[in-house]
Amino acid sequence: MKAQSTATFVCAAALIAAFWLYPAAGNESYDRAESFYAQSRFDEAIAELTDSLAYDPYDSRAYFLRANAYYNKADFTHALEDLDAGLSLMPECAQAYYNRAVVYYSSQEYDRAWEDVLRASSMGYVLDPIFIEQLKEDSGRER
């Protein structure tokens, strides 16, 4: 059974920082995407976020939110692509590394999950102990 905390993940710090550093003034697609996401309408959220990224391809918050939507649809390949893109824009986002670890875990790529868990932890991110125990059990590793 997967840890409860893996159901949803968002890099809140990155979203807040990105909003203040790169406000998406006039980007209504992102606003609609947030609304669709909050309603668990992930296909519509993904479509709006794709439009949003066409408007501003440097908006890490859009990549992170779209990764979350893909994750919730169990589309781990696209979730990883968006997490990678978001991290290329905001590499200091510890939670994004943790989120990517969750996706790797869900894809049964346990070694990669451990790499990102350790990276997030080294950046000061507080790890979910339930997730870590599940990763230990399923990977057969302690770290």
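The values are calculated or read from the model by the stated rules, or taken from the named source; none is laboratory data. Given the structure is predicted, the values throughout are model-derived calculations rather than measurements. Please note: Cβ atoms are built from the backbone with ideal geometry, for glycine as well, and neighbour counts cover all protein chains shown.
In segment 51-87, what residues are assigned to a helix (DSSP H, G or I) and among the basic types (Lys, Arg)?
Filtering segment 51-87 down to residues assigned to a helix (DSSP H, G or I) leaves 51-55, 60-72, 76-87.
61, 66, listed by residue number.
Could you tell me whether residue 134 is part of a helix (DSSP H, G or I) and at pLDDT below 95? Considered against the rule, which asks whether it is part of a helix (DSSP H, G or I) and at pLDDT below 95, residue 134 comes out as no.
Do we find a residue being within 29 Å of residue 39 (Cα to Cα) and in contact with a Cys (Cβ under 8 Å, 6 or more places away or on another chain) anywhere in segment 99-107? Explain how you work it out, then say what you get.
Our first condition is that a residue be within 29 Å of residue 39 (Cα to Cα); within segment 99-107, this holds for 99-107.
Next, from what is left, pick out any that are in contact with a Cys (Cβ under 8 Å, 6 or more places away or on another chain): 99.
Within segment 99-107 (the criterion being within 29 Å of residue 39 (Cα to Cα) and in contact with a Cys (Cβ under 8 Å, 6 or more places away or on another chain)), the answer is yes, since at least one residue qualifies.
What are the residues in segment 95-130 that are in contact (Cβ under 8 Å) with a residue 60 or more places away in the chain and within 22 Å of residue 66 (Cβ to Cβ), if any? Give the derivation first.
Taking segment 95-130 and keeping what is in contact (Cβ under 8 Å) with a residue 60 or more places away in the chain, we get 95-96, 98-99, 102, 105-106, 128, 130.
If the condition is that a residue be in contact (Cβ under 8 Å) with a residue 60 or more places away in the chain and within 22 Å of residue 66 (Cβ to Cβ), then 95, 96, 98, 99, 102, 105, 106 are the ones that fit.
Taken over segment 107-131, residues that are among the small types (Gly, Ala, Ser), assigned to a helix (DSSP H, G or I) and either over 19 Å from residue 87 (Cα atoms) or touching a helix residue (DSSP H, G or I) at 6+ places or on another chain (Cβ under 6 Å) (or both) amount to 2. The requirement of being closer than 30 Å to residue 27 by Cα and at pLDDT below 95 is not satisfied by residue 75.
Of the residues making up segment 91-125, those that are surrounded by fewer than 23 Cβ atoms within 10 Å (Cβ to Cβ) and of a type in the set (A, V, I, L, M) are 94, 118, 120, 123.
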